[in-house]
Amino acid sequence: MPKISVSLPSEAIAFLDSMDENRSRAIATVVEEFRRRRREEDLEQAYDAYAELCRNEDADWWTDYESAATTDLVNDL
């Protein structure tokens, strides 16, 4: 695993030391948690944008689908 050197405020070091892990592992844990949360936020934003698109542009989708399905069913009979 690559190594890096960083300078952190005393409060951050105290927080890392309180995690009952070695500092390197604690930093990795914090970074992974940040990445997970960021990914969740990105997915939530994408979902919200898609939901808004559906509300605005596809508001009649379900009605149109039902109408087309009914028409197809009638034509098949």
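Read-outs: derived from the displayed coordinates by stated rules, not from any lab. Remember, it's a predicted structure, so these values are computed and weren't measured experimentally. Cβ atoms come from the backbone with ideal geometry, glycine included; neighbour counts cover every protein chain shown.
Please give the length that would be gained between Ala68 and Glu32 if that part of the chain were fully extended, namely 0.36 nm times their separation in residues minus their C-alpha to C-alpha distance (nm, one decimal).
Value of the extension gain: 8.2 nm.
Taking θ = phi - 60°, what integer Hz values does the Karplus form 6.51 cos²θ - 1.76 cosθ + 1.60 yield along the stretch 27-38, in sequence order, with x for Gly and Pro?
For the stretch 27-38, the Karplus-derived couplings read 5, 4, 4, 5, 5, 5, 5, 4, 4, 4, 5, 4 Hz, x marking Gly and Pro.
What dipole magnitude, in Debye to the nearest 20, does the chain give about its Cα centre under +1 on Lys/Arg Cβ and -1 on Asp/Glu Cβ?
Computed charge dipole of the chain: roughly 940 debye.
Please give me the summed charge of the neighbours of Arg38: other residues whose Cβ is under 15 Å from its Cβ, Lys and Arg +1, Asp and Glu -1.
Result for the local shell: -2.
What FRET efficiency would be calculated for the residue pair Glu40, Val6, taking the C-beta separation as r and a Förster radius of 25 Å, to the nearest 0.05?
Efficiency for this residue pair is about 0.50.
If you take the square roots of the eigenvalues of the alpha-carbon gyration tensor of the chain and sort them as a ≥ b ≥ c, do you get rounded (a/c under 1.5), prolate (a/b over b/c) or oblate?
Here the chain falls in the prolate category.
Could you tell me which residue out of Ala12, Trp61, Thr29 lies farthest along the dipole of the stretch 10-76 toward its positive end? Charges go on the beta carbon: Lys and Arg +1, Asp and Glu -1, centred on the Cα centre.
With unit charges placed on the Cβ atoms, the residue in question is Ala12.
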